[in-house]
Each structure stands twice: as C-alpha cells, then as structure tokens.
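The values are calculated or read from the model by the stated rules, or taken from the named source; none is laboratory data. Since the structure is predicted, the reported quantities are computational estimates derived from the model, not experimental observations. Cβ: placed from backbone, ideal geometry, glycine included. Neighbour counts: every protein chain shown. Ligands, DNA and RNA are excluded from the accessible area calculation, which covers all protein heavy atoms including side chains. Shrake-Rupley method; radii C 1.70, N 1.55, O 1.52, S 1.80 Å.
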Amino acid sequence: MGTEEQLLAESIRTSIGETSNVLWRLLQLQPRSLQEADEDPSDEMVELDEELSFHIKKLYRDVAILAERMHLPLLCRQISKALNRHRDTLTQASAVFDEYMECPSFDEIRGIFNSIDVMIDGKDISSIAVLQNILENTRKILVESGIPAPRSEKEIYDAVEKVLNYAFHDVISQYSLPRPLKTYKPEFAIKSVKSLVEYKFSRSENDLKTKVDELYTDTRAYVNDSGYSTFFAVIYCSDQYAHIEKVRREFQTSGIGPHWRIVLVHGGGAAQPAASAPPIAKPLKLTAQKKQK
C-alpha cells in the first residue's frame with residue numbers, strides 16, 4: 001500500500017467525519033411541527049445543504065479514485081452506479097427517532113469505503129482481536145489488581161484502563177460523544193482501531209435486564225459516529241447468572257448490527273464480609289457462696 005493511497009484514505013475518513021457533523025447540525029434544524037414543515041428553509045439550512053452536497057460529491061470522487069488506484073474495477077462500477085442513482089437526491093436526508101439523520105447517498109458511499117478501508121488497515125483486525133481479548137479477561141485483570149469483588153463500575157474500568165494503555169497508545173478514557181439531546185460517555189475510545197468500549201456492571205439477574213435496556217439506548221447513539229466502526233459492550237456480572245448466547249440473542253433481536261460486539265464477563269460472586277474476630281474471653285467472676293445458716 002503506497003503513501004498516496006494511505007493519505008487519500010485518511011482524507012476520506014476526515015470527509016466522512018465532516019459529513020456526519022453537517023448531518024448532526026441539520027438534525028437540530030428539522031421542523032418540529034407541520035406548520036414549521038410548510039415554511040421556507042432558513043438560510044442556515046440552505047447553507048448546510050450546500051455544504052452537505054460538497055462533502056458527499058467529494059466522497060464519491062475520492063473513493064472512486066482510491067478504488068481505481070487499488071485496481072478494484074467492480075467497486076469502481078459500483079460507485080459510478082451509486083452516484084447516478086443518487087444524483088438528484090444527493091442531499092436527501094431524514095430524521096430517525098429525532099436521534100440522527102439518515103442520508104442514503106452518504107450511507108452507501110461510506111459502506112463502499114469501509115470495504116476498502118479493511119484492506120488498507122488490515123492491521124486493525126489483529127488489533128481489535130487484542131482489544132477483545134483484554135476485555136474478555138476483565139475478571140483476571142481485576143483479581144490480579146487485588147479487586148476480586150468490585151463494588152462499582154469505575155473500579156472495573158479503572159483497572160482495565162491500565163492494561164489497555166500497555167497495548168494501545170491512544171486510549172481516551174470517558175470519551176465524550178455529543179448528541180442533540182445528551183452527551184454519551186463510553187468508557188474508552190481507541191482511535192487507532194476505531195473502537196469504542198462501553199462497560200456495564202450488573203449486580204443481579206434483575207439488574208442485568210436494566211443494563212441491557214441501557215445498552216439498547218447506547219447502540220442508537222453510537223451507530224452513526226463516523227470516527228469509530230467497532231463498538232464493544234462489556235457486561236460484567238457479579239456472579240454466574242447469565243449465559244453469553246442468551247444475551248447475544250437478546251441483542252440480535254433488536255437489530256443492533258454487526259458493528260457491536262457483546263462481551264459477557266462473570267465475576268466471582270458478591271463480596272464477602274470480613275471474618276469477625278473471635279470474642280475475647282473474659283475471666284469468670286466468681287461470687288462467694290453465702291454461708292448457710
């Protein structure tokens with residue numbers, strides 16, 4: 001892989017990020033009522049639409065050049081067909097659940113680039129495997145850190161962070177992922193492998209259901225973040241009350257997609273109270289027998 005292809009791929013990743021930012025800004029300007037929908041678009045919305053058109057056209061052009069340089073004729077034809085299909089609706093986008101903007105032309109060219117990006121960053125595959133192996137060994141990390149029974153989620157990811165920093169040079173703790181209504185904070189972001197890591201600490205079988213519900217919300221927030229393509233959900237259960245396949249099936253039925261990886265870790269049970277010290281023996285207090293009359 002030549003330097004030119006690497007630089008072009010990095011430029012495309014930047015363009016994807018800029019396009020995502022425009023879509024998030026457009027989301028905040030979407031009409032909230034039928035009356036607003038009938039009004040003429042604001043100057044800001046018109047400017048954002050033009051900016052969106054510029055970025056998407058650039059993406060189609062740059063990804064086509066990259067595919068040609070990498071001698072991928074099938075993808076070149078696919079890009080050409082996609083551009084013709086979206087030519088009149090290039091900036092067409094719609095709000096989904098008032099949480100993100102769905103733009104078909106952008107989604108398609110980003111998907112095509114992802115196929116090329118895997119070939120460019122083949123090292124990411126092995127690096128993601130290293131990351132997953134570390135997360136799957138959360139229990140061992142805690143035990144070796146002197147925390148066999150963690151009391152909080154923070155105790156868990158603080159211990160894991162130390163190990164992640166040995167393996168990756170760009171670990172960001174408590175990464176901010178701003179969204180229109182709230183800011184999400186995955187425990188870790190690792191830019192070099194385009195991965196986010198979310199930890200959930202489940203203290204009981206009932207608590208597990210709550211944590212799964214929380215992760216459902218997270219999946220919607222993370223899926224459209226342009227800088228990251230692999231999302232890890234690590235559920236640390238305090239004891240053996242969950243089965244990984246059952247948890248995976250639960251997530252599969254929600255349609256979260258292949259970009260999410262579920263890691264289930266079993267702890268060693270609830271913390272045991274410290275053994276109480278044996279009672280101190282007190283000397284018997286002898287009482288003098290009364291003289292019998």
Within-11-Å neighbourhood charge of Leu75 [Cβ basis; K, R +1; D, E -1]: +1
Backbone HN-Hα couplings from phi across the stretch 85-98 [Karplus 6.51/-1.76/1.60, Hz, Gly and Pro as x]: 5, 9, 3, 8, 10, 4, 9, 5, 8, 9, 7, 10, 6, 6
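Quantify, in whole percent, the carbon and sulfur part of the accessible surface of the stretch 95-153 (1.4 Å probe; protein heavy atoms only).
Numbers: 1520 of 2940 Å².
With neighbouring chains kept in place, the figure for the stretch 95-153 is 52 percent.
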Positive-pole candidate from Ser20, Leu7, Thr89, dipole of the stretch 1-115, charges at beta carbon: Leu7
Debye-sum result for the stretch 128-177 in log10 I(q)/I(0), which assumes one identical scatterer on each alpha carbon, at q = 0.19, 0.21, 0.24 Å⁻¹: -0.63, -0.76, -0.95
Antiparallel bridge percentage (DSSP; both residues within the stretch 131-238; nearest 5): 50 percent
Where His71, His55 fall by accessible area, highest first, once all protein chains stay in place (1.4 Å): His71, His55
Kirkwood-Stokes translational diffusion coefficient of the stretch 1-143, alpha-carbon pairs, 20 °C, 1.002 mPa s, µm²/s: 123 µm²/s
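Hand me the trypsin sites (Lys or Arg not before Pro) from the stretch 1-66 located in a DSSP loop with no more than 13 other Cβ atoms within 10 Å, in residue order please. Provide the component values of the computation, followed by the final result.
On the way: sites: Arg13, Arg25, Arg32, Lys57, Lys58, Arg61; in loops: Arg32.
Counting only loop positions with at most 13 other Cβ atoms within 10 Å, the trypsin sites (Lys or Arg not before Pro) in the stretch 1-66 are Arg32.
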Under 5 Å, built H, 5+ apart or other chain: amide partners of Ser202: Tyr236, Cys237, Ser238
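What does the C-alpha gyration tensor say about the overall shape of the stretch 79-143? Classify as rounded when a/c is under 1.5, otherwise prolate if a/b is larger than b/c, or oblate. Each step should come with its number before you reach the end.
Working: a/c = 7.78, a/b = 1.94, b/c = 4.00.
The shape class here is oblate.
Using the Cβ atoms and a cut-off under 12 Å, what net charge is assigned to the surroundings of Lys200, where Lys and Arg are +1 and Asp and Glu are -1? Each step should come with its number before you reach the end.
Details: positive: Arg203, Lys209, Lys211; negative: Glu153, Glu187, Glu198, Asp207, Asp213, Glu214, Asp218.
Its environment carries a net charge of -4.
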Shape of the stretch 111-214, Cα gyration tensor, a/c cut at 1.5: oblate
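Probe radius 1.4 Å, ligands and nucleic acids ignored: give me the carbon and sulfur share of the accessible area of the stretch 160-233 as a rounded percent.
Details: 1650 of 3330 Å².
The value for the stretch 160-233 is 50 percent carbon and sulfur by accessible area.
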